[in-house]
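Student: Can you keep this structure in mind? I'll have questions shortly.
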Amino acid sequence: MGDLETITELNWIDGLVEAVGQKCVSTAEEVRQEFGTDRWHAAAMPDAVVRAKSRDDVVATLRYANENEIPVTTRGSGVGYVGGCVPVKGGILLSVRDMDSIIEVNPSDGVAVVEPGVILDDVQEAARELGWYYPPDPASLKECSVGGTIANNAGGPRCVKYGVTRHYVLGLEVVLPNGEILETGGRCHKNKTGLDLIGMFVGSEGMLGVITKATLRLIPHPEARAMLTATFPHFETAAAAVQTILDSGWQPSGLEITDGFTLQAARSRLGPEMLPDGDAHLIVEIDGRKNTVLLDLAKLRELLESVGAENVEEATDREACEAIWTLRREFSYSLRDTGLIKLNEDIVVPRSKLVELVRFARSLQEETGIPVACFGHAGDGNIHTNLMVANYDTDAAAREKADAALDILFRWIIENDGKITGEHGVGIAKKRWFSDAVGPVAMQVHRGLKQTLDPKGILNPGKFIE
């Protein structure tokens, strides 16, 4: 990495303006502050913000930055939870949020072609209007950009049936750190032509290249869907019910669990009438043909009641289902309303260890005195295990205690064949556990790929690949 002080002496910002154009570059303090954060607690000021309007702007930015060894951190909508787009080394913050065109939705080929700044919900709606479906659905779908979901391999509730973002990326246009344009994949739904370069960039967290266009796989939209919600007297009982549903041959399109702490926060935010009493809450969604969904719903209700569910409610049309998902998306905001700092950890365990994870979370809370709020994607073992910490940002002792608790959590996850992140990414937040999570050989491979594609180390420096 070049010496930023030396680069400053060469007046590199003037050179950047010349390379990209004045209309795209800002050094205003309020702009730099706005683009220096995501939803994690960390923030850092870039020296300049480039708001790219086109691929050419991205090419010009990276070419200039690479020649002058200036750090570049790429940002979409900035709604991540791990500090992944925080420019910890300063330099250039490259925003692709204004590259927001849906170039094409083509049911005949089963694809949508989009720019990286498009909001995910807009893509889903454009596909749905034509009777087609783009399933990945993180809770931030009305705010997050498609490029960000690809960079983090985002998931969401429907991963349990339909898979994560990687399963829906057919082609990418990527600007490499030296400004060269890589096109990989295409419009074909099957492709074994060379190595899986798409997979290398999906989940790369902006460290290997900048995505400027994506070709996404669409599938026919399910004809109908329906949902059940149920409360349980105990969180462990609800967790056990998840495995019972799957062991009984069901393949829900959503299977979400929520613990008592989160429920109480949601009742405080939304009103006690919104969620029945109980220490745990389960959401089960199924989809398929109209003439079978309601029959299946009745059988699922019987199964849930047989394993201890209380206050079982049904939703049988789109509006009622969306109301439940809207409620589910409020859970994270409800936890923020408690006034505690939410350390949002999206760990994953093998599904058979879901009940063990629930018990461990309870023991961690008892051992540390820090409330642990659990909710998330029970169907694939991806439970958001949130440590709720008072004064994390202002009290050094509170931060030290919470960080020690996080270490206990991640060590347990690694020892029990789990993963430290299922969809949020590593970023800054999980950087110190990354090498233990992947092992020395995988770490070496990560570094080798980074060195090959980004030999000057300009892209998203300071994150988990050094």
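Student: Extension gain R432-T27, at 0.36 nm per residue separation less the Cα-Cα distance, in nm?
Tutor: Result: 142.6 nm gained on full extension.
Student: Additional query: Hey, fewest Cβ within 10 Å first, where do F360, F464 land in order?
Tutor: Least to most surrounded, the residues fall as F360, F464.
Student: Now a separate question. Hey, got a sec? Which trypsin sites (Lys or Arg not before Pro) in the stretch 162-260 land in a DSSP loop and have at most 11 other Cβ atoms within 10 Å?
Tutor: Within the stretch 162-260, the qualifying trypsin sites (Lys or Arg not before Pro) (loop, at most 11 other Cβ atoms within 10 Å) are K190, K192.
Student: Taking the Cα centroid of the stretch 421-457 and of the stretch 204-253, what is the distance between the two, rounded to the nearest whole Å?
Tutor: Answer, in whole Å: 26.
Student: In addition: State, to one decimal in nm, how far the label point of D56 lies from the label point of D196, with both points 7 Å from Cα in the Cβ direction.
Tutor: So the two model labels end up 3.7 nm from each other.
Student: What is the distance, in nm, between label points placed 7 Å from the Cα along the Cα-to-Cβ direction at I408 and at R351?
Tutor: 3.0
Student: Can you give the charge dipole size of the stretch 4-98 about its Cα centre, rounded to the nearest 20 debye, using +1 on the beta carbon of Lys and Arg and -1 on the beta carbon of Asp and Glu?
Tutor: Roughly 480 debye, rounded to the nearest 20.
Student: Going Cα to Cα from K290, which aspartates and glutamates come in below 18 Å? Please leave out same-chain ones fewer than 8 positions away.
Tutor: Once the sequence-local aspartates and glutamates are set aside, what remains near K290 is E223, E314, D317, E319, E322.
Student: If you don't mind, another one. With charges set only on the Cβ (+1 for Lys and Arg, -1 for Asp and Glu), what does the dipole of the chain come to about its Cα centre, in debye to the nearest 20?
Tutor: 840
Student: Select from the stretch 229-298 those trypsin sites (Lys or Arg not before Pro) which occupy a DSSP coil region and have at most 11 other Cβ atoms within 10 Å, ordered by residue number.
Tutor: Passing both the DSSP loop test and the Cβ count: R289.
Student: Towards the positive end of the charge dipole of the stretch 307-442, with charges on Cβ (+1 Lys, Arg; -1 Asp, Glu), say which of F410, N382, P350 has the farthest Cα.
Tutor: F410
Student: Next question. Please compute the net charge surrounding P135, taking Lys and Arg as +1 and Asp and Glu as -1 over other residues with Cβ under 14 Å from its Cβ.
Tutor: -1
Student: Where a ≥ b ≥ c are the square roots of the eigenvalues of the C-alpha gyration tensor, would you call the stretch 112-173 rounded, which needs a/c under 1.5, or, failing that, prolate if a/b is larger than b/c, or oblate?
Tutor: rounded
Student: Fully extended, how many nm does the chain gain between W250 and H189 (0.36 nm per residue separation, minus their Cα-Cα distance)?
Tutor: Computed gain between W250 and H189 is 19.3 nm.
Student: Once Lys and Arg get +1 and Asp and Glu get -1 on their Cβ, which of L335, G209, V86 lies farthest toward the positive end of the dipole of the chain?
Tutor: Positive-most Cα among the choices belongs to G209.
Student: If the cut-off is a Cα-Cα distance under 13 Å, which aspartates and glutamates reach K401, setting aside same-chain residues fewer than 8 apart in sequence?
Tutor: E367, D393
Student: Please work out whether the stretch 297-387 counts as rounded, prolate or oblate from its C-alpha gyration tensor, where a ≥ b ≥ c are the square roots of the eigenvalues and a/c under 1.5 means rounded, while otherwise a/b larger than b/c means prolate and anything else oblate?
Tutor: oblate
Student: Strictly over 19 Å apart at the Cα level, which of K89/K456; K89/K431; K142/K342; K161/K213; K353/K463; K23/K53 would you flag in this model?
Tutor: The pairs that break the limit, which is 19 Å between Cα atoms, are K142/K342; K161/K213; K353/K463.
Student: Now a separate question. Any idea what the dipole of the stretch 81-125 comes to, in debye rounded to 20, about its Cα centre with Lys/Arg Cβ at +1 and Asp/Glu Cβ at -1?
Tutor: For this selection, approximately 420 debye.
Student: Toward the positive end of the charge dipole of the stretch 125-174, about the Cα centre and with charges on Cβ (Lys, Arg +1; Asp, Glu -1), which of P135, P157, S145 goes farthest?
Tutor: Value: P157.
Student: Summing +1 for each Lys or Arg and -1 for each Asp or Glu, what net charge is found among the other residues whose Cβ lies under 15 Å from the Cβ of L182?
Tutor: Here the count lands on -2.
Student: For the stretch 224-415, rounded, prolate or oblate, judged on the Cα gyration tensor with a ≥ b ≥ c (square roots of eigenvalues), a/c < 1.5 rounded, else prolate if a/b > b/c?
Tutor: In terms of gyration-tensor shape, prolate.
Read-outs: derived from the displayed coordinates by stated rules, not from any lab. Keep in mind the model is a prediction, meaning the values are calculated, not measured. Note that we place each Cβ from the backbone using ideal geometry, even for glycine, and neighbour counts take in every protein chain shown.
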